[in-house]
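Here is the structure we will look at, set down as structure tokens.
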Amino acid sequence: MTQMVINGEWVDASGGKTYEVKNPANGEVVDSVPLGAAGDARAAVEAAVAAFGEWANTAPDKRAELIMAGIARVKENLSDLTTLLTKEQGKPLFEAGGELHHFLHGMEFYAGLASKIRGEMAPLPPAMNPKSYGVIMPFPVGVSVGIVPWNFPITLMGTKVGPALAAGCPIIIKPASTTPLTTMKIIGLLNEAGLPPGVLQGVTGPGKTLGNELISHPEVRRVALTGSSETGEQVMQVAGPKFKRISLELGGSDPMIVCPDADMRKAVNGAMIGRYWNAGQACLAVKRLYLFEEVYDEFLEALVDKVKRYEPGDGLTKAEKPNIRIGPLHTAGQRAEIQEQLADAVERGAEVLVGGDIPAGLDNGHYYNPAVVVNVSEESRLVTEEVFGPVLPVFKVSNLDEAIARANASQWGLGSSIWTNNMKWANQAAREMQSGMVWVNQIHYGYDEMPFGGVKASGIGREHGPEALDYYLEPKSVVFGGLD
Ligand code: NAD
């Protein structure tokens with residue numbers, strides 16, 4: 001069994017209950033974890049409260065040193081962690097390895113920033129005291145909670161742990177119920193490497209009880225959620241009235257626009273990775289593709305050819321050459337929802353060019369053949385809802401104004417991309433796309449160096465970049481007057 005990490009110790013749930021984590025590729029039990037309850041959440045918060053003062057006052061370069069020591073321990077265990085992530089999540093080994101590297105890069109980025117946190121001096125009007133001046137001192141906000149989904153459990157833990165620890169905040173991580181294993185191992189390694197007890201903790205169990213207790217606890221000052229918009233709403237209802245610092249990284253339905261002058265090879269690759277990486281279970285995935293009519297046929301033909309090369313299978317194995325391995329969907333419910341969304345589009349007249357069915361002979365896992373769909377009605381669920389799986393609806397557009405208007409006609413606003421060499425078009429898209437991030441000739445990817453987050457129903461606040469630190473720091477205003 002993989003235990004929880006509370007106050008620097010590996011522990012069971014206070015009630016002694018456990019639950020099993022199953023492999024989406026074959027239904028086999030990977031391991032079991034404690035079924036944490038409200039009392040476990042309270043124990044973690046108490047330990048974090050006790051750790052806060054010392055961690056906030058630990059010299060920033062010492063904080064960085066301890067984070068880096070933890071990173072070194074993770075690197076020593078990279079191969080085992082990669083395999084474990086594939087087993088519990090389902091993604092192929094090369095994707096799991098990529099996720100762990102992204103996590104390490106982000107942690108190194110924030111370790112580097114720990115000693116760069118600084119305040120400002122503000123000149124003040126002389127009316128009260130001619131010699132007064134203001135200083136804005138950043139202080140850590142306090143005990144923080146990070147609630148993480150199952151699609152990228154490790155990078156999305158890192159986007160919370162990195163800035164929290166760098167800023168001087170203790171943080172408690174609650175992973176999704178179905179992906180707690182690699183998370184707990186990494187939290188254990190970071191603790192073993194020297195983090196003081198209570199600074200980084202991990203608890204396992206259901207969001208509705210354990211998660212709810214964490215975010216409603218009066219001593220928790222900061223809540224960072226990555227999850228669905230429905231969960232975001234619940235978190236706002238619980239933590240909002242308690243005036244906690246909240247950031248919500250929620251769903252998305254990223255549009256990708258391909259103009260006639262785009263580099264077609266690169267754009268097709270961008271759509272492939274953008275839609276089918278992680279079996280399409282990504283927030284910033286390309287979920288609506290808008291092709292100019294001049295390149296519609298050529299692009300679609302190349303795309304469909306490539307999608308046919310995907311071979312669903314266990315993430316621990318390689319696809320037969322020259323095919324590309326695509327893992328199972330994470331749960332049976334996830335696959336059922338994708339099937340229903342596609343069926344709805346077909347009922348409204350859509351045509352499936354490739355995929356969209358369950359591959360034969362793979363009955364033990366939640367496998368699904370990746371799909372490309374055309375003639376999709378704007379009213380269909382593939383357009384109005386978030387599609388969290390490998391189904392790509394493709395639309396024909398006549399000009400950029402039409403493409404941007406249709407791209408923006410969505411409740412979501414996480415990312416968007418335009419593929420063109422025309423600076424005028426690129427500039428228009430960058431200004432007019434209603435999304436937190438715009439990529440020009442670039443796959444939808446969340447760089448640690450750039451602020452990451454959405455507008456509209458995609459959430460509030462930002463992770464990544466130096467900007468993420470602002471959500472873990474209070475700008476305390478100190479006025480110095482009458483010192484003469
Ligand atoms: P989810 O909302 O079901 O769960 C996310 C986390 O919240 C889990 O740890 C869950 O246990 C917890 N939770 C659920 N109810 C809770 C409650 N009432 N109180 C406290 N915690 C609670 O999401 P999921 O299915 O795990 O992940 C998929 C969703 O996440 C998709 O909508 C996807 O777009 C979104 N996502 C967004 C981003 C982003 O950065 N914008 C990144 C990845 C995933």
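Scanning the stretch 273-290 for residues that are away from the ligand (no atom under 14 Å from the Cβ), open to solvent by less than 10 Å² (accessible area, probe 1.4 Å) and either free of Cβ contacts under 8 Å to residues at least 60 places away in the same chain or hydrophobic (A, V, I, L, M, F, W, C) (or both) yields a count of 1. The strands (runs of 3 or more DSSP E) falling completely within the stretch 133-182 that include 1 or more residues that are within 24 Å of ASN57 (Cα to Cα), over 16 Å from the mean Cα position of the chain (by Cα) and among the aliphatic types (A, V, I, L, M) map to 133-140, 171-174. On the given criteria, is THR231 within 8 Å of the ligand (Cβ to nearest atom), among the polar types (S, T, N, Q) and in contact (Cβ under 8 Å) with a residue 24 or more places away in the chain? Yes. Taking (1) open to solvent by less than 10 Å² (accessible area, probe 1.4 Å); (2) away from the ligand (no atom under 16 Å from the Cβ) in turn, ASP254 satisfies each apart from (2). Apart from one condition, THR317 fits all of (1) within 27 Å of the chain's Cα centre (by Cα); (2) surrounded by 18 or more Cβ atoms within 10 Å (Cβ to Cβ); (3) in a loop (DSSP other than H, G, I, E, B); the exception is (2). Pairing each residue of the stretch 423-440 that is surrounded by 15 or more Cβ atoms within 10 Å (Cβ to Cβ) with any residue that is in a loop (DSSP other than H, G, I, E, B) and of a type in the set (S, T, N, Q), provided the two are 6+ apart or on different chains, yields C-beta distances under 6 Å for ALA426/THR420. Across the stretch 187-208, a minimum of one residue is classified as open to solvent by less than 10 Å² (accessible area, probe 1.4 Å), more than 14 Å from the ligand (Cβ to nearest atom), assigned to a strand (DSSP E or B) and closer than 16 Å to SER144 by Cβ. Against the conditions (1) more than 14 Å from the ligand (Cβ to nearest atom); (2) open to solvent by 10 Å² or more (accessible area, probe 1.4 Å), PHE388 satisfies every one except (1). In the stretch 54-75, the residues that are farther than 18 Å from LEU469 by Cα reach residues that are open to solvent by 80 Å² or more (accessible area, probe 1.4 Å) with C-beta atoms within less than 9 angstrom, at least six apart or across chains, in these pairs: GLY70/GLU192; ARG73/GLU192; VAL74/LYS185. Among the residues of the stretch 134-183, those identified as small (Gly, Ala, Ser) and surrounded by fewer than 24 Cβ atoms within 10 Å (Cβ to Cβ) are GLY134, GLY142, ALA176, SER177. The requirement of being more than 25 Å from ILE460 (Cβ to Cβ), outside any loop (DSSP other than H, G, I, E, B) and at pLDDT 95 or above is not satisfied by ILE215. Only a single item in (1) more than 16 Å from the ligand (Cβ to nearest atom); (2) over 23 Å from GLN281 (Cβ atoms); (3) modelled with pLDDT of 95 or more is not met by PHE94, and it is number (2).
Given the criteria β-branched (Val, Ile, Thr) and either closer than 23 Å to GLY270 by Cα or touching a Ser or Thr at 6+ places or on another chain (Cβ under 8 Å) (or both), does ILE358 qualify? The answer is no for ILE358. Here is a list: GLU337, GLU311. Which entry is outside any loop (DSSP other than H, G, I, E, B), open to solvent by 70 Å² or more (accessible area, probe 1.4 Å) and free of Cβ contacts under 8 Å to residues at least 60 places away in the same chain? GLU337 is the lone residue from the list that is outside any loop (DSSP other than H, G, I, E, B), open to solvent by 70 Å² or more (accessible area, probe 1.4 Å) and free of Cβ contacts under 8 Å to residues at least 60 places away in the same chain.
GLU213 - would you say it is open to solvent by 10 Å² or more (accessible area, probe 1.4 Å), away from the ligand (no atom under 16 Å from the Cβ), in contact with a helix residue (DSSP H, G or I) (Cβ under 9 Å, 6 or more places away or on another chain) and in contact (Cβ under 8 Å) with a residue 60 or more places away in the chain? Considered against the rule, which asks whether it is open to solvent by 10 Å² or more (accessible area, probe 1.4 Å), away from the ligand (no atom under 16 Å from the Cβ), in contact with a helix residue (DSSP H, G or I) (Cβ under 9 Å, 6 or more places away or on another chain) and in contact (Cβ under 8 Å) with a residue 60 or more places away in the chain, GLU213 comes out as no.
The values are calculated or read from the model by the stated rules, or taken from the named source; none is laboratory data. Everything quoted here is computed from the prediction, not taken from an experiment. Please note: Cβ atoms are built from the backbone with ideal geometry, for glycine as well, and neighbour counts cover all protein chains shown. Ligands, DNA and RNA are excluded from the accessible area calculation, which covers all protein heavy atoms including side chains. Shrake-Rupley method; radii C 1.70, N 1.55, O 1.52, S 1.80 Å.
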